[in-house]
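For reference, the structure is listed below as structure tokens.
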Amino acid sequence: MTHISDHHFAERVRASFELQNAMALIQATMPLIEHGRTEIHLPHWSGVEQQHGFVHGGVVGMIADSAAGYAAMTMVPASASVLTVEFKMNLMSPADGEQLIARGKVVRPGRTLIITQAEVFAVKDGRETLCALMQQTIMVMHGKTEK
């Protein structure tokens, strides 16, 4: 992995996550923040279900986007922020379980663009099933911090 440019990245990422009303709305949490990696956990509840009782693909995309985006944010200077400019996601199996875990990681860090990946797992009876895979491009916004 690359040089840590901000040794307080975990606190900055946690504060940013707390500003995301969308994550609070769906009851998501972020229990893991490491340099180049984060995890977002989502309980399966009726408010995030689609018509078949699975977690909606749009919600799966939300947590994948945020997990990978925050993984990128762990690698930028404190004076910068990040913004998703593109992602491609494959939904591989129904998001059916007691909870979902989105694991985001940096694949290639860069000064302007960061390439990330997220895997989303449905956890049912203690067993993880890969239900989505995402590749993402993140733009580093130098000199722009969050509100």
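The values are calculated or read from the model by the stated rules, or taken from the named source; none is laboratory data. Note that this is a predicted model, so its numbers are computed, not measured. Note that we place each Cβ from the backbone using ideal geometry, even for glycine, and neighbour counts take in every protein chain shown. When the accessible area is computed, the model is the full protein with side chains, heavy atoms only, and any ligands, DNA or RNA have been set aside. Shrake-Rupley method; radii C 1.70, N 1.55, O 1.52, S 1.80 Å.
Within region 59-81, does at least one residue satisfy the condition of being surrounded by fewer than 16 Cβ atoms within 10 Å (Cβ to Cβ), among the aliphatic types (A, V, I, L, M) and within 17 Å of MET139 (Cα to Cα)? Can you show your working first?
Filtering region 59-81 for residues surrounded by fewer than 16 Cβ atoms within 10 Å (Cβ to Cβ) gives 77-79.
After this cut, where a residue has to be among the aliphatic types (A, V, I, L, M) as well, the list is 78.
Remaining after also requiring within 17 Å of MET139 (Cα to Cα): 78.
The answer is yes; a qualifying residue exists.
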ask   = Are there any pairs with C-beta distances below 6 angstrom linking a residue in region 11-27 that is on the phi > 0 side of the Ramachandran plot to a residue that is not in a helix (DSSP H, G or I), with the two at least 6 apart or on different chains, and if so which?
value = GLN27/PRO43
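Among the residues of region 21-36, is any more than 22 Å from PHE121 (Cα to Cα), of a type in the set (S, T, N, Q) and at pLDDT below 95? Can you show your working first?
Restricting attention to region 21-36, the residues satisfying the condition of being more than 22 Å from PHE121 (Cα to Cα) are 21.
From what's left, of a type in the set (S, T, N, Q): 21.
From the residues that got through so far, the ones that are at pLDDT below 95 too are none.
No, that holds for no residue.
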query = Quick one: how many residues across region 93-120 are more than 27 Å from HIS52 (Cα to Cα), open to solvent by 10 Å² or more (accessible area, probe 1.4 Å) and over 12 Å from the mean Cα position of the chain (by Cα)?
reply = 8
request  = Give the residues of region 22-64 that are assigned to a helix (DSSP H, G or I) and not β-branched (Val, Ile, Thr), sorted by residue number.
outcome  = ALA22, MET23, ALA24, LEU25, SER46, GLY47, GLY57, GLY58, GLY61, MET62, ALA64
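Which of the following residues is hydrophobic (A, V, I, L, M, F, W, C) and farther than 30 Å from SER5 by Cβ: VAL76, VAL60, VAL140, VAL107? Can you show your working first?
Working: VAL76 fails: farther than 30 Å from SER5 by Cβ; VAL140 fails: farther than 30 Å from SER5 by Cβ; VAL107 fails: farther than 30 Å from SER5 by Cβ.
Going through VAL76, VAL60, VAL140, VAL107 in turn, the sole match is VAL60.
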remark   = Considering region 67-117, residues that are part of a helix (DSSP H, G or I) and in contact with a Lys or Arg (Cβ under 8 Å, 6 or more places away or on another chain), and then whichever is nearest to PHE9 (Cα to Cα), we arrive at MET73
